[in-house]
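Notes to accompany the following structure.
Read-outs throughout are calculated quantities, based only on the coordinates presented, and are distinct from any laboratory measurement. Since the structure is predicted, the reported quantities are computational estimates derived from the model, not experimental observations. Cβ atoms come from the backbone with ideal geometry, glycine included; neighbour counts cover every protein chain shown.
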Amino acid sequence: MSRLPDSGGYFGAYGGSFLHPQLQPVADEITAAYLKIKDDESFKEELAALYKHYVGRPSPVFRAARLSAAIGGADIYLKREDLNHTGAHKINHCLGEALLARRMGKKTLIGETGAGQHGVALAAAAALLGLECRIYMGETDMHKEHPNVSRMKILGAEVVPVCAGLKTLKDAVDAALRKRNEITEAFG
C-alpha cells in the first residue's frame, strides 16, 4: 500500500488522472513541486506552526453526552473542525496550498467557491502569506452567501462575479479554468 497510488495516479485498477489536456501541465508542475517539498523539514515545520497558532489545531474532540445517551451503548465524540479559524476544515488544505504556491514563486491564488467557505479560507491563507487572491463565484451564489462574500473582500480577495449559465458553482469553476487558460496562453 505504501507504493500507491502509482505515478499515473492509480490504486491498482482504480483511480487515475482525468484532466483536460490544457490542465495537465499545471497539475504536473504542482505535483513536481509537492514531491520536492513534501519531506522538507522547514516546510513541514512552517505548516505545523500555522496549524497550531493560526488555525487552532489540533481541533478539540467533544463528547456528545446527550447524543450518546439517546442512541444508547456507544460514546459519540465530535471532532470540532467548525472551531478552526475561518469556521471549517477548508483552512487546512488552503494553508498547505498557499505555502506550496509561495514556494513555487506564485504571486496569486485563484479559486472558486459556491457557498463561500472555501473562498474565505483561501482568502485568509493568501492574506496571511502575502499573496493576491482572486475568487470566482456565481452571481446567484453571491447573493445567497453575502456574508461570506463580505468576509472574502475584508480579507483582501477580489471576488469575481460569474454571470454565465446558472450563475452557480459550476459556472464559477468554468470561469476560473478559463482565466487560468488565458494566463497560460499570454505568459506561457
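Values computed for the structure shown
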quantity: Gap separating the Cα centres of the stretch 67-110 and the stretch 1-37, nearest whole Å; calculated: 23
quantity: Amide H partners (placed H, <5 Å) of residue 155, local residues excluded; calculated: none
quantity: Shape of the stretch 75-126, Cα gyration tensor, a/c cut at 1.5; calculated: prolate
quantity: Filtered trypsin sites (Lys or Arg not before Pro), the stretch 1-69: DSSP coil and at most 11 other beta carbons within 10 Å; calculated: 3, 38
quantity: Kirkwood hydrodynamic radius of the chain, Cα pairs, Å; calculated: 18.7
quantity: Under the Karplus curve 6.51 cos²θ - 1.76 cosθ + 1.60, θ = phi - 60°, whole-Hz ³J(HN,Hα) for the stretch 55-67, x wherever Gly or Pro sits; calculated: 7, x, 8, x, 5, x, 10, 10, 7, 8, 4, 5, 5
quantity: Cut-off under 5 Å, modelled amide H: who pairs with residue 64 long-range; calculated: 76, 77, 78
quantity: Given charges at Cβ of Lys, Arg, Asp, Glu: the chain dipole, positive-most of 48, 76, 91; calculated: 76
quantity: Potential extension, residue 41-residue 67 segment - 0.36 nm per residue separation minus Cα distance; calculated: 5.2 nm
quantity: Estimated [θ] at 222 nm from DSSP helical runs (n ≥ 4, -39500 (n - 2.57)) normalised by residues in the chain, nearest 500; calculated: -15000 deg cm²/dmol
quantity: Per-residue ³J(HN,Hα) for the stretch 139-156, Karplus 6.51 cos²θ - 1.76 cosθ + 1.60, θ = phi - 60°, Hz, x for Gly and Pro; calculated: 4, 4, 5, 4, 5, 5, 10, 3, x, 6, 4, 4, 4, 4, 5, 4, 7, x
quantity: Sequence-separation-based contact order of the stretch 1-136, relative, with Cα cut under 8 Å and 6+ spacing, percent; calculated: 16
quantity: Percent RCO, i.e. relative contact order, over the stretch 18-85, from Cα pairs under 8 Å lying at least 6 residues apart; calculated: 24
quantity: Relative contact order for the stretch 58-188, counting Cα pairs under 8 Å that sit 6 or more residues apart, in percent; calculated: 19
quantity: Straight-distance crosslink candidates among aspartates and glutamates, where the alpha carbon sits under 13 Å from residue 36 and sequence neighbours closer than 8 are dropped; calculated: 28
quantity: Which listed pairs, of 79/170; 153/179; 38/167; 44/106; 90/153; 44/170, have C-alpha distances above 28 Å, in listed order; calculated: 79/170; 38/167; 44/170
quantity: Segment residue 17-residue 160, extension gain: residue separation times 0.36 nm, minus the distance between their alpha carbons; calculated: 48.6 nm
quantity: Near-label residues of the stretch 15-32 by backbone N, under 20 Å of a point 7 Å along Cα→Cβ of residue 129; calculated: 25-32
quantity: Extension gain (nm, one decimal) between residue 180 and residue 77, 0.36 nm per residue minus Cα-Cα; calculated: 32.9 nm
